[in-house]
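The values are calculated or read from the model by the stated rules, or taken from the named source; none is laboratory data. In this text the structure is predicted, and so the values were computed from the model without any measurement. With ideal geometry, Cβ positions are generated from the backbone for all residues, glycine too; neighbour counts draw on all protein chains shown. Calculation scope for accessible area: heavy atoms of the full protein, side chains included, ligands and nucleic acids excluded. Shrake-Rupley method; radii C 1.70, N 1.55, O 1.52, S 1.80 Å.
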Amino acid sequence: MPNLKLKIGIIGCGGIANQKHMPSLAKLTELGEMVAFCDVIEERAKKAAKDFGSEHAKVYEDYKELLKDESIDVVHVLTPNLHHSYITVDALEAGKHVMCEKPMAINSIEAQKMLDAAKRTGMKLTIGYQNRFRNDSQVLHKACRAGELGDIYVSKAHAVRRRGVPTWGVFLDKEQQGGGPLIDLGTHALDLTLWFMDNYKPKSVSGSVFHKMSDKFEGNMMGPWDPQKFDVEDSAFGFIKMENGATIFLEAAWALNTTDAREAMTSLCGTEGGAEMRASSVLGKSDVIFNSTKYGQLVETQPSFSGGIAYFGPGAENEGVKEARQWLESIQNDTEPLVKPEQALVVTQILEAIYTSAETGKVVEF
């Protein structure tokens, strides 16, 4: 459907819809327009339609009614994690292309259903990993593909906050979310790490999950919470061994007594060099530092830009806009989205294996 303006439906009009998806899509009116909004809380859908919708945008409480509209080309699924899979499958079956917010699903069985539906229907499916569109991520990915790091055989996926427990929505509800910081933050760090390594073949996973900080909200950047309603982990750690012998250490925490807080970042060690993502001196930004040897000396080099980790920064081309643009153009031009569902499925499988290993005390073999 080249050169046609896409008609977009929004399912779920909560935080991530208002922070990333709808403001980003609103800047791309030459590519698409939001014509339908659905939320179980009707007032949220009405407000979204007023703030971001086309002139005659429709409002729904039942997503199945929205999917009956044959004029809608694309659906963004922005609900709590529990609902990602079945809504996505229904949307694909209804002939809609689907952008589903991360994580892909609460477990690998549900994620596989989404991938199977996309293949069965021929519709496009992508997952909301906007951190791939950061400037530092793009530069590091190019360096990895150019072989500048050589064979990347050790990496660390960082998703750690010192005190950053989200106190709104359903983040602390295990039934709705499927987990805590591992499935919320760790999914971004793992996605980046696998993408840089271009390695999607895990062999074994062992993990540890902790519930140590659920009543320690002093200093939390989002304020206090009710400890009785905190039923997800506050930190989780995984050791992943890939089929080719490469290893990944994944750390994820909403609250951890550390000064080395890094979110959606990675450290890579290769045979020819290494690279680390670090917090920039500019608040909310991150940099990439390459390390190697030259003229018989150890050398560090750093590009002169600062790529933001957040998607709601200033400017027309923040990460949310870049993600939305590439997604809509992939539909119009019938090309692949940057984030492929097969890749997101592997992320889901590994996260699930960390939870399973922590629960059983055993290594999970693939």
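Tell me the accessible surface of Ile11 in square angstrom (1.4 angstrom probe, heavy atoms of protein chains only), to the nearest ten.
10
How big is the Rg/Rh ratio for region 6-128, C-alpha atoms only, Rh by Kirkwood, two decimals?
Radius of gyration relative to Kirkwood radius: 0.94.
Taking only protein heavy atoms into account and a 1.4 Å probe, give the accessible area per residue of region 6-128 in Å².
Accessible surface, normalised per residue, equals 40 Å².
Angle check, please: helix 341-360 long axis (alpha carbons) against the longest principal axis of the chain (alpha carbons), in degrees 0 to 90, nearest 10.
Long axis of 341-360 versus the principal axis of the chain: about 60 degrees.
Any chance you could give the angle, 0 to 90 degrees and rounded to 10, that helix 42-52 forms with the longest Cα principal axis of the chain?
So the helix axis and the longest Cα principal axis differ by about 80 degrees.
Given the rule -39500 (n - 2.57) for each run of at least 4 DSSP H residues, summed and divided by the residues of the chain, what is its mean residue ellipticity at 222 nm, to the nearest 500 deg cm²/dmol?
-8500 deg cm²/dmol
Counting only protein heavy atoms, what percent of the accessible surface of region 6-128 is carbon or sulfur at a 1.4 Å probe?
51
Between Asp215, Asp231, Asp90, find the one with the highest GNM mean-square fluctuation for the chain; connect C-alpha pairs within less than 10 Å.
Most flexible of the set in this elastic network: Asp215.
Using the Karplus curve 6.51 cos²θ - 1.76 cosθ + 1.60 with θ = phi - 60°, what ³J(HN,Hα) values do you get for each residue of region 106-114, in whole Hz, with x for Gly and Pro?
7, 7, 6, 4, 5, 5, 5, 4, 5
Explain nothing, just compute: Karplus ³J(HN,Hα) = 6.51 cos²θ - 1.76 cosθ + 1.60, θ = phi - 60°, for every residue of region 200-214 in order, whole Hz, x for Gly and Pro.
For region 200-214, the Karplus curve yields 10, 10, x, 10, 8, 9, 10, x, 10, 10, 10, 10, 10, 10, 5 Hz.
Running a GNM on the chain with Cα contacts under 10 Å, which residue among Pro224, Pro103, Pro181 ends up with the highest mean-square fluctuation?
Pro224
Under 10 Å, Cα contacts only: if you run a Gaussian network model on the chain, which one of Cys100, Cys269, Cys38 comes out with the highest mean-square fluctuation?
Of Cys100, Cys269, Cys38, the most mobile in the Gaussian network model is Cys269.
Taking the chain as the reference, fit the longest principal axis to its C-alpha atoms, fit the long axis of helix 187-197 to the helix C-alpha atoms, and give the angle between the two in degrees, 0 to 90, nearest 10.
With both axes taken from Cα atoms, the answer is about 60 degrees.
What's the local net charge at Lys102, with K and R +1, D and E -1, over the other residues with C-beta under 14 Å away?
Around Lys102, the charge tally is -4.
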